[in-house]
Amino acid sequence: MWGGRFAEGPSAIMREINASIPFDKALWRQDIAASKAHVAMLGAQAIVTAGDAQTIADGLDAVAAEYEANGVPEDWDLEDIHMTTESRLAELIGPVAGRLHTARSRNDQVATDFRLWVRETIDQTDAGLEALQRALVTQAGIHAGSIMPGFTHLQTAQPVTLGHHLMAYYEMLRRDRSRLADARVRMNESPLGSAALAGTGFPIDRDATSAALGFDRPTANSLDAVSDRDFALDYLMAVSQISLHLSRLAEEFIIWASQPFGFVRMADSLSTGSSIMPQKKNPDAAELVRGHAGRIIGAATSLMITMKGLPLAYSKDMQDDKPPVFEAASLIGLSIAAMTGMVADSTFKTERMRQAAELGYATATDLADWLVTQADIPFREAHHITGAAVKLAESKSIALDALSLVDLQAIDARIDERVFSALSVEASVAARASYGGTAPSQVSKQVAKARAALGLSDTTTGSQS
C-alpha cells in the first residue's frame, strides 16, 4: 500500500501498532456511503468516466453486502477500514477500483467517516434520552401529589412531591438534549475534498458531496478539516454531562431502594441477588450506571490529552481518537436504557415516603413562615421559636402537627389554633405554588408542558402504590 517509497516492509511491531482495523471497522457503513458520494461526484465532474463511476458504485454495494452478511475481515497488513474496502473492491472489479481514491486522502476520508458516525450516534443518544424523559414524565404525572421528604445534605428539609423530584431529572435531560443538538449543528460540515491537508487540484464539487451525505456545507479550511476532532470532543463532553445526571438518578434509586429508606421497589429484571445472602436484592444496574460515568468522563479526558499538543495537520496520534468515543457511546447507550427501564418499571412506596416526610419535621419552615405572616413575628425570632417546637416534638417522638396547642403555646403564647392548617405535609406542598414549585398544581402544569413537548397524550396510566 505504501508503494515504492520503502525498500522493506514494516516490522511485526510496526504492523501491530499501526493497524486500526480491529476498531475502525465499525465505520464501514459510513466509509461505503462517503465513497459512493465521492465517486458519484467524480463521475458528475468527468474526473472519472460515467462507466467507471457506476462500476465502482456497484462494487461498493457488493462489498457492503459482504460486510453486512459476514462482518469486516481483519487483515492488519491493510491497516484500516479504508484500505480493507478498497482492496476488496479491487478484487471484485479490478484495477478500475484505483480510481476511487482520486482527489481524496485517507485524512479527509476518515474525518468524514468519523463525523458521519458521531452524527448518527448523537441522534441515537438523543432518542434514548427522549425515551427516558417519557418515562420520567409518565411517573411524575402519576405521582404529582405523592408526598416525600425533600433533602439538603441528605437531611430532611421540606416536603416535596415525587412528581416534582422526577421532573427535576426531566429538566436535566432537557438541557442534555440541547447540548447534543448544539454539537450536531456545529459538526455538520463535510471535510470530504480537503484531501491530505491542502485541498486538491482536481475540479471537484464539494457542495455536491456535502449535500449527498446530509451535511449543511463543506468545511472552509482544509487544514482544520482533516485535523479537527472538536466534533468528537463535543459529543464526549455532552455524554459526560449526561452520565453525571444518570449517575445522580441512579444514586437516588440506590438510596431509595435500601431498607432504611424503603421508598421504591425496583424491578427484578434490573436487580441481582447474592451468592451467600438469600434475602438480598441488589440495585446492580443502578450501581453500574453510576460506575459507567467514570469511564465515560475518562474517555473525554483521554481524547483531550491526545489532541492537546498536535500541530497541524494530521498526526498518527489521531488514530486513537475512535476507541474512547466508541466506548463512551456504548456505555451511555446502556446507561440510558437501564435508567429508562428503572424509572418505568419501579414501584414507588408512596405511603412510606409520606411517613418519612412527617417524621423528619419537614414542615418546620412552614411553622416559621406562619409565625411571620400570621403572628407578625420577625423571621429570626420565628426561626428560634420553631427550633424549640421541633426539639419538643423530637423529645416526644411525634410529628410537629401532633403537638397540642397547649404544647405550642407553652413555647410562645402568640400561637393559636390556626397554626395547624400550616403544619401538615399536604398543606406544606400545596403552599409551594410559585412557578416551578412543588405544589401538585404546579407539578401538573409542568408535566402537561413536558408531555406536549414530547408529543404525548394528555392522559396518564397507572396508579399510586
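The values are calculated or read from the model by the stated rules, or taken from the named source; none is laboratory data. Remember, predicted model here, so these are calculated numbers, not experimental data. Heads up, the Cβs are rebuilt from the backbone with ideal geometry, glycines too, and the neighbour counts pull from every protein chain shown. SASA here: full protein model, heavy atoms, side chains in, ligands and nucleic acids out. Shrake-Rupley method; radii C 1.70, N 1.55, O 1.52, S 1.80 Å.
Structure summary
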{"read-out": "Of K25/K308; K396/K445; K349/K449; K349/K445; K281/K445, those spanning more than 29 Å from alpha-carbon to alpha-carbon", "value": "K396/K445; K281/K445"}
{"read-out": "Hull volume in cubic angstrom per residue (convex hull over the Cα atoms of the chain)", "value": "206"}
{"read-out": "Simple Cβ-charge dipole of the stretch 149-210, Lys/Arg +1 and Asp/Glu -1, about Cα centre, in debye nearest 20", "value": "180"}
{"read-out": "Taking the stretch 413-460 and dividing mean pair separation by its residue count, relative contact order in percent (alpha carbons under 8 Å, at least six apart)", "value": "16"}
{"read-out": "Relative contact order, percent, the stretch 356-454 [alpha-carbon distance under 8 Å, six or more residues apart]", "value": "25"}
{"read-out": "Value of [θ]222 nm, deg cm²/dmol, for the chain, DSSP H segments ≥ 4, -39500 (n - 2.57) each, nearest 500", "value": "-20000 deg cm²/dmol"}
{"read-out": "List E74, E251, ordered by accessible area with a 1.4 Å probe, largest first", "value": "E74, E251"}
{"read-out": "Near-label residues of the stretch 424-443 by backbone N, under 20 Å of a point 7 Å along Cα→Cβ of E394", "value": "424-425"}
{"read-out": "Amide H within-cut-off set for E79, under 5 Å, with H built and near neighbours excluded", "value": "none"}
{"read-out": "Selected from M14, A40, A57, residue furthest toward positive end of dipole (the stretch 13-102; charges at beta carbon)", "value": "A40"}
{"read-out": "R0 of 22 Å, Cβ-Cβ distance D268-A344: FRET efficiency to nearest 0.05", "value": "0.95"}
{"read-out": "Potential extension, M304-D376 segment - 0.36 nm per residue separation minus Cα distance", "value": "20.1 nm"}
{"read-out": "Area accessible to solvent at M277, 1.4 Å probe radius, in Å²", "value": "80"}
{"read-out": "Prolate/oblate/rounded label for the stretch 356-454 (Cα gyration tensor, a/c 1.5)", "value": "prolate"}
{"read-out": "For the stretch 248-259, Karplus couplings with θ = phi - 60° (6.51, -1.76, 1.60), whole Hz, Gly/Pro x", "value": "5, 5, 4, 4, 4, 5, 4, 5, 4, 7, 5, 4"}
{"read-out": "Cut-off of 10 Å, at most 12 other beta carbons, DSSP loop: longest stretch of the chain lacking such trypsin sites (Lys or Arg not before Pro)", "value": "1-279"}
{"read-out": "The stretch 344-446: GluC sites (Glu not before Pro) in DSSP loop, at most 12 other beta carbons within 10 Å", "value": "none"}
{"read-out": "FRET E, pair A12, F202, Förster distance 45 Å, beta-carbon r, rounded to 0.05", "value": "0.75"}
{"read-out": "Cβ-placed point charges (K, R +1; D, E -1), dipole of the chain about Cα centre in debye, nearest 20", "value": "840"}
{"read-out": "Accessible area expressed per residue, the stretch 13-102, with surrounding protein chains retained (probe 1.4 Å, Å²)", "value": "45"}
{"read-out": "Tilt relative to the chain, helix 50-70 - C-alpha long axis, 0 to 90 degrees, to 10", "value": "50"}
{"read-out": "Extension gain from L223 to V185, taking 0.36 nm per residue of separation minus the Cα-Cα distance", "value": "11.6 nm"}
{"read-out": "Percentage relative contact order, the chain, counting C-alpha pairs under 8 Å, at least six apart", "value": "17"}
{"read-out": "Carbon/sulfur fraction of accessible area - the chain, other protein chains in place, 1.4 Å, %", "value": "54"}
